[in-house]
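Structure, as structure tokens:
The values are calculated or read from the model by the stated rules, or taken from the named source; none is laboratory data. Please read these numbers as outputs of a predicted model, since none were measured by experiment. Cβ sites come from the backbone with ideal geometry, for glycine too, and all protein chains shown count toward neighbours. Heads up: the accessible areas ignore ligands, DNA and RNA and are worked out on the full protein's heavy atoms, side chains in. Shrake-Rupley method; radii C 1.70, N 1.55, O 1.52, S 1.80 Å.
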Amino acid sequence: MKEIRSIDFSKKYKQIATKNEFLIFILTSLLTILSLILTFVQSIWCVLLILPISIFWGLYSNYKKIQYVEEVDTGTKLFVDNNVWKKYKKQKK
């Protein structure tokens, strides 16, 4: 089970992907490239495949419950609440 921890806002963290997220990213990237190729070969309607992929990633990123992050200095990997991660990113801007 994934243990959700809190982060120290004074340290630096970077977001990393889990294996499943990386696999989904690769598959949707390949589908996007395929739809672009089909757009040039077949018709302009194939570009409509990109819209659901974009909507999927927007919804997935916004509604997922936890983020997998790594502390930059020590390399410690941990799961944090998505809302805490959003606050951290806003603070670091």
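Numbers at a glance
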quantity	calculated
Where labels lie 7 Å past Cα in the beta-carbon direction, separation of residue 3 and residue 82 in nm	2.4
Low-density loop cleavage sites - chymotrypsin sites (Phe, Trp or Tyr not before Pro) in the stretch 1-32, where at most 12 other Cβ are within 10 Å (DSSP)	9
Size of electric dipole in the chain: Cβ of Lys, Arg +1 and of Asp, Glu -1, about Cα centre, debye, nearest 20	400
Fully extended contour minus Cα-Cα distance, from residue 32 to residue 59, at 0.36 nm per residue	8.0 nm
Gain on full stretching of the segment that runs from residue 49 to residue 73 - 0.36 nm per residue minus C-alpha separation	4.6 nm
Furthest towards positive pole of dipole, 33, 62, 50, structure part the chain, Cβ charges	62
0 to 90° range, to nearest 10: angle between helix 19-41 axis and the chain longest Cα axis	20
Rounded tilt (10° steps) of 50-63 against the dominant C-alpha axis of the chain	20
Potential extension, residue 93-residue 39 segment - 0.36 nm per residue separation minus Cα distance	15.7 nm
Accessible surface ranking that places the most exposed of 93, 12, 65, 77 first, with a 1.4 angstrom probe	93, 65, 12, 77
Rounded D (µm²/s) - the chain, Kirkwood Rh over Cα pairs, Stokes-Einstein at 25 °C, 0.890 mPa s	160
Residue-averaged 222 nm ellipticity for the chain, from DSSP H runs of 4+ at -39500 (n - 2.57), nearest 500	-17000 deg cm²/dmol
Solvent exposure of the chain as accessible area per residue, Å², 1.4 Å probe	77
Mean separation of Cα contacts under 8 Å (6+ apart) over length of the chain, as relative contact order %	41
Using alpha-carbon coordinates, inclination of helix 82-92 to the longest axis of the chain, degrees	80
